[in-house]
Amino acid sequence: MHLSTTAAIITGGASGLGEATARHFADQGAQVTILDRDAERGTQVAAEIGGHFAKTDVTDEASVATAITHAMDKMGRITAAVNCAGIAYGIKTVGKDGPHPLDAFQRTIDINLVGTFNVSRLAAAEMAKNEPEADGGRGVIINTASIAAFDGQKGQAAYAASKGGVVGMTLPMARDLASTGVRVMTIAPGIFMTPMLAGLPEEVQQQLAADVPNPARLGDPGEYGRLAGFIVEMGYLNGEVIRIDGALRMR
C-alpha cells in the first residue's frame, strides 16, 4: 500500500493525533474522511486538507455505519482506518469524593474500546470487498492505545483498562482478518502535545517533558501521523503494538 493511493477514515480527526494524521495523509496524496463529533472543527479541517467529514458517534452502530457509507460515497473505497477518538478521566478508584463514578468508567470503555472495535469491524467489512494488491492486502486498521495500557498511573484505572483492551484485541483481530487481507496494528503513544496537554501551565508541561528519557520533550502529534503513514506502507507489519514514547516508563 502507498499513502498516495490510500482512502482513509480517521476518527477523532478534528483535533490532536487524529488531525495530525489526517493532515499528513492528505499531504502525501491520500483521500481522507474525518469522523468526529465536533462538526464545526471537523468540517474546517476537512476543507483545509481537501477531505471529507462525517459527524460521528463512534459508540453508536448506526452513526458509524452512516459515516462509512458517506466515506464510501465520497472516496469510492476504504483502504485504511485510523482510530484516534478517545477520552481520558483522572479519577482514583476511591478518592476524596468517594468511589470512582461508574458512569465515567463505562463512558471511557464505551468510547475508547467499544468505539474502536465498532469502527474497526464496520470498516473491515468494506475493506474485505477491495481488490487485493499483489501481496493479497486489502486494507489496514490502526488503533490507538497508550503506554498507560502497560504502566498506568494513579487515577487512570478507566483509561488504562480501555487502552489495555485495545492492546489485547490487536492480535486476535489481525488473526480474524488475515484471510481477508486486512492488517491490524496498534500505536501506543506516550505523552503528546495534544489540546488536552496544551491547556496545562507551561511549568507542568516542562515537568512532564523532563520525565521522558530521550528526547526529553513531549511528543509531536505529527510524529504519530508519520508513524501511522509508515504502518500503512509497511505491509509486513501486522498484529503488533508499537510504543512511541521516547522510552518513557510511567510510575
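As an exercise, use a Förster radius of 35 Å and the Cβ-Cβ distance of residue 129 and residue 153 to find the FRET efficiency, rounded to the nearest 0.05.
Working: r = 42 Å, r/R0 = 1.21.
My answer for the efficiency is 0.25.
Express in nm, to one decimal, how much length is gained between residue 38 and residue 198 on full extension, taking 0.36 nm for each residue of separation and deducting their alpha carbon distance.
Working: separation 160, 0.36 × 160 = 57.60 nm, distance 1.84 nm.
That pair, residue 38 and residue 198, stretches by 55.8 nm at full extension.
Could you name the lysines whose alpha carbon sits less than 25 Å from that of residue 55, not counting residues in the same chain fewer than 8 places away?
Here the lysines satisfying the reach criterion relative to residue 55 are 74, 129, 163.
Taking segment 38-98, which trypsin sites (Lys or Arg not before Pro) meet the DSSP loop condition and have no more than 15 other C-beta atoms within 10 Å? Walk me through the numbers on the way to the answer.
On the way: sites: 41, 55, 74, 77, 92, 96; in loops: 77, 92, 96.
Filter output for segment 38-98: 92, 96.
From the C-alpha coordinates alone, can you work out the Kirkwood hydrodynamic radius of segment 14-57, in Å? Each step should come with its number before you reach the end.
On the way: mean 1/r = 0.1012 Å⁻¹.
Roughly 9.9 Å, rounded to one decimal.
Check residue 32: other-chain or 5+ apart residues with amide H under 5 Å from its amide H, H built from backbone geometry?
8, 52
Positive end of the charge dipole of the chain (Lys, Arg +1 and Asp, Glu -1 on Cβ, about the Cα centre): tell me which of 130, 100, 59 has its Cα farthest that way.
Highest projection toward the positive end goes to 100.
So how tilted is helix 157-177 from the main axis of the chain? Cα-based, degrees 0 to 90, rounded to 10.
Between helix and principal axis, roughly 20 degrees.
Express in % the proportion of alpha carbon pairs of segment 46-102 at distances exceeding 16 Å.
Cα-Cα pairs in segment 46-102 separated by more than 16 Å: 60 percent.
With Kirkwood's inverse mean 1/r over C-alpha pairs for Rh, give me the Rg to Rh ratio of segment 71-205, two decimals please. Write down the numbers at each step before the final one.
Numbers: Rg = 17.4 Å, Rh = 16.4 Å.
Radius of gyration relative to Kirkwood radius: 1.06.
Computed over the Cα atoms of segment 149-193, what is the ratio Rg over Rh, Rh following Kirkwood?
Details: Rg = 13.0 Å, Rh = 11.9 Å.
Answer for segment 149-193: 1.10.
Taking amide H positions as placed in the peptide plane 1.01 Å from N, state which residues far from residue 85 in sequence (5 or more) or on other chains have amide H under 5 Å from it.
Hits under the 5 Å cutoff: 11, 12.
Given that compact globular proteins tend to follow 2.2 N^0.38 Å, what is the ratio of the alpha-carbon Rg of segment 16-90 to that value?
On the way: Rg = 12.0 Å, N = 75, 2.2 N^0.38 = 11.3 Å.
The reported ratio for this selection is 1.05.
Could you state the angle between the C-alpha long axis of helix 221-233 and the longest principal axis of the C-alpha atoms of the chain, as a value from 0 to 90 degrees rounded to the nearest 10?
40 degrees
In straight Cα distance, which lysines are under 22 Å from residue 96, not counting same-chain residues fewer than 8 positions off?
154
Loop only by DSSP, 10 or fewer other Cβ within 10 Å of the Cβ. Give me the chymotrypsin sites (Phe, Trp or Tyr not before Pro) in segment 160-241 that pass, ordered by residue number.
On the way: sites: 192, 224, 230, 236; in loops: 236.
The qualifying sites are 236.
What is the distance in Å between the Cα centres of segment 41-86 and segment 193-251?
24 Å
About the Cα centre of the chain, what is the dipole size in debye to 20, counting +1 per Lys and Arg Cβ and -1 per Asp and Glu Cβ, all else neutral? Please list the in-between numbers first.
Working: 21 positive and 27 negative charges, 94 e Å.
Roughly 440 debye for the chain.
Rule-based calculations on the coordinates, nothing more; no lab input. Keep in mind that what you see is a predicted model, and the values were worked out from it rather than measured. Positions of Cβ are backbone-derived with ideal geometry, glycine not excepted, and every protein chain shown enters the neighbour counts.
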